[in-house]
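The values are calculated or read from the model by the stated rules, or taken from the named source; none is laboratory data. For clarity, every value in this text was computed on a predicted model and none was experimentally measured. Here Cβ is always computed from backbone atoms with ideal geometry, including for glycine, and neighbour counts include all displayed protein chains. The protein model used for the area step is the full one, side chains on, heavy atoms only, and it has no ligands, DNA or RNA in it. Shrake-Rupley method; radii C 1.70, N 1.55, O 1.52, S 1.80 Å.
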Amino acid sequence: MNITRRSCKLAFLLRHDRAYPFDVHGWRAISDLLEHHGFTMEELSKIVESNNKRRFEFSEDMQYVRARQGHSIPVDVELNECVPPSILFHGTAEHFVSDILKDGLKSQNRLHVHLSSTIETALNVGKRHGTPVVFKVDSLKMHKDGVKFYLSRNGVWLTDFVATEYLSMD
Ligand code: HQG
């Protein structure tokens, strides 16, 4: 089994699969993944436990699994609203920069805009889309202005939208 490929498949099934009737909190039945998507329990445990970004979690009763963030399907994964650090970073690709400077950071297909606490992580996120560029986000100012921030249980900062006035580039 190629664990990376199976992990990507699981990420799709838990974040973006519009065909599945998700529980309101984003849980998907493990039995569905075993019966209809070719996973074994051993494989699922390995993916959830060894995932480099700790993207997934099992329910306490071990009947369900969900992604901790990154969804496009409208579920409430019970994110914690938190006071952000003074600065956060957003990694993107060069070809998006002019639109972002015009319209702000939008969540596009996902439920939230994803922000990183380090430049290094932001660079890695940006590389997924092309030549990476990192925006600095004045998150404390946003918070003071009443914008909500959430911290997922695997350490990703999330917000609904970042207006251009809070963005800068070094
Ligand atoms: C860009 C991975 C044009 C935005 C990562 C990004 C992350 C705009 C792209 C997580 C725009 C959306 C999410 C605007 C934003 N005009 N482009 N106004 N506003 N964009 O993949 O943040 O490995 O949906 O900059 O680590 O790249 O899957 O978001 O480049 O945490 O767990 O539109 O996915 O996590 O791309 O990545 P995405 P993202 P996982």
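Some points to look at:
- Checking each residue in segment 1-19 for being free of Cβ contacts under 8 Å to residues at least 40 places away in the same chain and either more than 17 Å from residue 110 (Cα to Cα) or part of a helix (DSSP H, G or I) (or both) picks out 2, 4, 5, 8, 9, 12, 13.
- Which listed residue, of 83, 65, is away from the ligand (no atom under 13 Å from the Cβ) and open to solvent by less than 10 Å² (accessible area, probe 1.4 Å): 65
- Meets criteria (modelled with pLDDT under 95 and not hydroxyl-bearing (Ser, Thr, Tyr)) for residue 138: no
- Within segment 142-170, the residues that satisfy the criterion of being surrounded by 20 or more Cβ atoms within 10 Å (Cβ to Cβ) and either among the aliphatic types (A, V, I, L, M) or under 14 Å from residue 86 (Cβ atoms) (or both) are 142, 149, 156, 157, 158, 162, 166.
- Some residue of segment 143-153 being assigned to a strand (DSSP E or B), among the aliphatic types (A, V, I, L, M) and under 17 Å from the mean Cα position of the chain (by Cα): yes
- Of the set (1) free of Cβ contacts under 8 Å to residues at least 40 places away in the same chain; (2) outside any loop (DSSP other than H, G, I, E, B), all apply to residue 62 but (2).
- Close Cβ contacts (under 7 Å, 6 or more residues apart or on different chains) running from residues in segment 31-51 that are touching a residue at least 12 places away in the same chain (Cβ under 8 Å) and part of a helix (DSSP H, G or I) to residues that are of a type outside the set (S, T, N, Q) and open to solvent by 70 Å² or more (accessible area, probe 1.4 Å) comprise 43/1.
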